[in-house]
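**Q** I have a structure I would like to understand better, so I am pasting it below and will then ask my questions one at a time.
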């Protein structure tokens with residue numbers, strides 16, 4: 001794994017046990033907030049940000065499902081001029097409870113904050129000198145994205161790839177074949193020791209998932 005210093009703090013939301021992240025390199029520097037979810041997770045994120053004297057540079061949403069956007073408004077209130085980045089095709093999910101799946105769970109949720117930028121596959125976004133490449137990992141959602149930092153040896157995989165599992169594909173806008181393809185082409189091609197930080201569950205590595213994830217074995221394998 002690369003040895004570029006990157007601080008990653010994980011915060012687990014109740015209910016859906018969604019992982020939100022705060023990324024930064026140094027106290028007093030810029031940070032990103034990734035996938036803020038239900039309380040008290042966003043409050044805990046803001047407490048850590050204040051303790052480290054960080055400035056929120058961007059709020060990044062790997063996809064637009066409710067458990068990955070629920071804390072957006074609260075974080076945005078403290079984020080000043082931070083950009084809100086998410087896949088352009090999923091911007092509608094911020095204001096549409098049917099599309100973000102919350103209506104189907106009987107808890108319709110929308111947020112007032114609007115995204116002002118895209119996460120297009122192949123784009124590079126930079127946090128305090130560390131470059132992250134945007135990867136297409138659609139399938140669990142129509143335009144799901146992952147963020148790969150080769151310098152730090154880490155990929156934030158949203159709800160595409162988990163430790164021992166992959167994202168659900170039984171919702172109305174999911175595509176199982178697409179998810180398998182994007183995982184194979186854009187995640188399993190990363191170095192084995194790449195740390196995988198998922199939207200749910202514990203960290204893992206690309207090598208471990210390539211070798212042992214039962215959902216990624218070829219038919220008859």
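**Q** Right, residue 43: assigned to a helix (DSSP H, G or I) and surrounded by fewer than 23 Cβ atoms within 10 Å (Cβ to Cβ) or not?
**A** For residue 43, the condition - assigned to a helix (DSSP H, G or I) and surrounded by fewer than 23 Cβ atoms within 10 Å (Cβ to Cβ) - is met.
**Q** Now a separate question. From 202, 191, grab the single residue that is part of a loop (DSSP other than H, G, I, E, B), under 15 Å from the mean Cα position of the chain (by Cα) and farther than 15 Å from residue 143 by Cα.
**A** Being part of a loop (DSSP other than H, G, I, E, B), under 15 Å from the mean Cα position of the chain (by Cα) and farther than 15 Å from residue 143 by Cα holds for just one of 202, 191, which is 202.
**Q** A further question follows. Report whether or not residue 141 is in contact with a helix residue (DSSP H, G or I) (Cβ under 8 Å, 6 or more places away or on another chain), part of a strand (DSSP E or B) and surrounded by 15 or more Cβ atoms within 10 Å (Cβ to Cβ).
**A** no
**Q** Scan segment 92-111 and report the pairs whose first residue is in contact (Cβ under 8 Å) with a residue 12 or more places away in the chain and at positive phi and whose second residue is surrounded by fewer than 20 Cβ atoms within 10 Å (Cβ to Cβ) and part of a loop (DSSP other than H, G, I, E, B), with Cβ atoms within less than 9 Å and a gap of 6+ or a chain change.
**A** Going by the 9 Å Cβ cut-off, the qualifying pairs are 101/171; 101/172; 101/173.
**Q** So the check is Cβ under 9 Å with 6+ separation or different chains; which pairs have a first residue in segment 157-180 that's on the phi < 0 side of the Ramachandran plot and crowded, with 16+ Cβ neighbours inside 10 Å and a second one that's at pLDDT below 95 and part of a strand (DSSP E or B)?
**A** Within 9 Å, no pair qualifies.
**Q** Here are 92, 49, 75: which of them is part of a helix (DSSP H, G or I), out of contact with any helix residue (DSSP H, G or I) (no Cβ under 7 Å at 6 or more places or on another chain), at pLDDT 95 or above and within 18 Å of residue 127 (Cβ to Cβ)?
**A** On inspection, the qualifying residue turns out to be 49.
**Q** Next question. Look through 88, 70 and report the one residue that is over 24 Å from residue 150 (Cβ atoms), surrounded by 23 or more Cβ atoms within 10 Å (Cβ to Cβ) and in contact (Cβ under 8 Å) with a residue 12 or more places away in the chain.
**A** 70
**Q** A follow-up question, please. Checking residue 130 against (1) under 23 Å from residue 33 (Cβ atoms); (2) surrounded by fewer than 24 Cβ atoms within 10 Å (Cβ to Cβ); (3) out of contact with any strand residue (DSSP E or B) (no Cβ under 7 Å at 6 or more places or on another chain): exactly one of these is not met. Which one?
**A** (3)
**Q** Looking only at segment 115-138, count how many residues are outside any strand (DSSP E or B), in contact with a helix residue (DSSP H, G or I) (Cβ under 9 Å, 6 or more places away or on another chain) and over 21 Å from residue 76 (Cβ atoms).
**A** 4
The values are calculated or read from the model by the stated rules, or taken from the named source; none is laboratory data. The structure displayed is predicted, hence computed values, not measured ones. Every residue, glycine as well, gets a Cβ built from its backbone with ideal geometry; the counts of neighbours run over all protein chains shown.
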